[in-house]
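S.K.: Please find one structure pasted underneath; my questions will follow.
Bear in mind these aren't lab numbers, they're just calculated from the coordinates by the rules spelled out. Every value quoted in this text rests on a predicted model; they were computed, and no experiment measured them. Please note: Cβ atoms are built from the backbone with ideal geometry, for glycine as well, and neighbour counts cover all protein chains shown.
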Amino acid sequence: MPLPTVILPGYFASASEYRDLEQSLQQLGIAATTVPIRQQDWFPTLGGRSVVPILRKIDQAVKQQLEKNNTSQINLIGHSAGGWIARIYLGEKPYTIHGDVSDDSVGLWNEHSIT
């Protein structure tokens, strides 16, 4: 059985732009969801500011997929900047920039395996 999948949109993209990909994966029997990001959710990250709000949205979507599908692994697809934000999310060290810290409650590096 294929692993559930979470899709992370690229910078300044919204989840709606990835619905076709999500639906294509679902038609193949893959439980897929897109992180529910709206274009305006990216505004706080402009100018090199923290991506913690985006990391929290990723974390929520990942945890929902894990629970919904009763699994300990998922696939995480990140498009463009979504790919490097996914790498931050999966990083071994908490993300910190400009004093905003992503603590251990955001991230799966110690809890789950993501492919």
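S.K.: Given the condition in contact (Cβ under 8 Å) with a residue 60 or more places away in the chain and either among the basic types (K, R) or in contact with a helix residue (DSSP H, G or I) (Cβ under 8 Å, 6 or more places away or on another chain) (or both), answer yes or no: does some residue in the stretch 17-29 qualify?
M.R.: No, that holds for no residue.
S.K.: Name the strands (runs of 3 or more DSSP E) wholly within the stretch 1-88 that hold at least 1 residues that are over 14 Å from the mean Cα position of the chain (by Cα) and crowded, with 19+ Cβ neighbours inside 10 Å?
M.R.: Qualifying strands (runs of 3 or more DSSP E): none found.
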